[in-house]
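Worksheet: one structure, shown below.
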């Protein structure tokens, strides 16, 4: 029995010795692993630790691997409250293994576990400016060609440089044949930006900037642009009060730019002394076909200067001098020029001061001129004597086709005399008579019907007044069965 107890004790001691050796070997291996994995850390800067910490043989960077992303999503375990899982491993070995895991977990700071990848801070080749619209191209430029985008870009950049707000209506029309911007508060600075954008534009042929507050400086910017641009042929800068210097700048550019065919400078505040500049335009702009000078302040002297220039010009086709102060010698000079002019097809002298004497000169001009086709003498002072002279020119002239005389003190009886002259004249070629707001009688309507039976004829008038027949009607001693011109005067 004693021998058996001694043998069992010796076996137990031998078993305890083996367990002690195993534990020692595990401690040595654990220390060796720790020496292999512990990095050199800088505790002064937590963010710097994140960049220099080593996991195995790799270094962490701002570009996160998929393993790091998965690691950041994992929730750290609470080792204090965790229940130990059943294990057959002896207790000392279990405690040492837990200690080793804790030492390894210290290699990954807590901040590393909270890192989430942010696209804009990674070096993956992603350009954060790719989502930002380029300043040279906006959303509405996507469908434009390269030239249009360049023009719009130039306009936007110039507006920014000058401190003005870009006009969307202008920007949307830079690739169309006609730009129409009426009554916009553009101002000189705004039109300067437009002019710069139009310098190399090869699409726009018509530019309408009426009532944009250009003034003198704005007109100079337009003129400077036209020194290089040869595409624009129709220019409207009316109602901008460009004044003497502004119209002079336009006149100067027309010496070198022979592409402009239509020019509207109405409402520019021009006076008699500015007529010299306009005379220069008429003499040195051979391609100009239409000139609109309405709503200015040309009087006697200005009319005489313009009259001399008109007489020498044979390229202009339409001249609008309405709403000026033409009367007396100035008005006479304008119509007298028609005797020599062979180019004009349309003349508008409405809303001026043409009376008896002025119409006397006009009568002779209409008899000499065979190229003028349309005359507008509405809203003047055409009384009975003035109408007589006008009818004399119509009766013996063979060029005029359209006559506008609305807004004059013409009675129904006088209107009847006019239509009778047109009907009976062998030379008269009038096809359209605009009497607008003038009342007529039934006899007038009857004669119009007779004319339309054998040639094209159109007449505009106001009300039809009922009265007796033509043969029985006499007004102021006029017999409508005789020559109307001789009877009226």
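The values are calculated or read from the model by the stated rules, or taken from the named source; none is laboratory data. These figures come from a predicted structure and were not determined experimentally. Note: ideal-geometry Cβ built from the backbone for every residue, glycine included; neighbour counts use all protein chains shown.
Annotation: of all residues in region 195-214 being in contact with a helix residue (DSSP H, G or I) (Cβ under 6 Å, 6 or more places away or on another chain) and under 18 Å from residue 238 (Cβ atoms), the one that is surrounded by the fewest Cβ atoms within 10 Å (Cβ to Cβ) is 213.
Sub-6 Å Cβ pairs linking a first residue in region 439-455 that is more than 15 Å from residue 465 (Cβ to Cβ) to a second residue that is at pLDDT 95 or above and outside any helix (DSSP H, G or I), at least 6 apart or interchain, are 451/457, ordered by first then second residue. If you filter region 336-365 down to residues that are crowded, with 21+ Cβ neighbours inside 10 Å and touching a strand residue (DSSP E or B) at 6+ places or on another chain (Cβ under 8 Å), you find that the one that is nearest to residue 437 (Cα to Cα) is 350. The set of residues from region 441-466 being touching a strand residue (DSSP E or B) at 6+ places or on another chain (Cβ under 8 Å) and either over 27 Å from residue 367 (Cα atoms) or assigned to a loop (DSSP other than H, G, I, E, B) (or both) comprises 441, 442, 445, 457, 461, 462, 463, 464, 465, 466. Residue 235 passes every criterion in (1) assigned to a loop (DSSP other than H, G, I, E, B); (2) under 19 Å from residue 286 (Cβ atoms) apart from (1). State the number of residues belonging to region 299-322 that are surrounded by 18 or more Cβ atoms within 10 Å (Cβ to Cβ), under 33 Å from the mean Cα position of the chain (by Cα) and closer than 20 Å to residue 239 by Cβ. So the answer is 4. Of the residues 259, 220, 329, the single one that is closer than 24 Å to residue 182 by Cβ, without any contact (Cβ under 8 Å) to a residue 40 or more places away in the chain, touching a helix residue (DSSP H, G or I) at 6+ places or on another chain (Cβ under 9 Å) and in a helix (DSSP H, G or I) is 220. On the basis of being within 32 Å of the chain's Cα centre (by Cα) and in contact (Cβ under 8 Å) with a residue 40 or more places away in the chain, does residue 274 make the cut? Considered against the rule, which asks whether it is within 32 Å of the chain's Cα centre (by Cα) and in contact (Cβ under 8 Å) with a residue 40 or more places away in the chain, residue 274 comes out as no.
Within region 171-190, track down each residue that is in a helix (DSSP H, G or I) and either at pLDDT below 95 or in contact with a helix residue (DSSP H, G or I) (Cβ under 6 Å, 6 or more places away or on another chain) (or both). Working first, answer last.
To start, the set of residues in region 171-190 that are in a helix (DSSP H, G or I) comprises 171, 187-190.
171, 188, 189, listed by residue number.
Within region 365-406, the only residue that satisfies the criterion of being more than 23 Å from residue 316 (Cβ to Cβ), in contact (Cβ under 8 Å) with a residue 40 or more places away in the chain and part of a loop (DSSP other than H, G, I, E, B) is 406.
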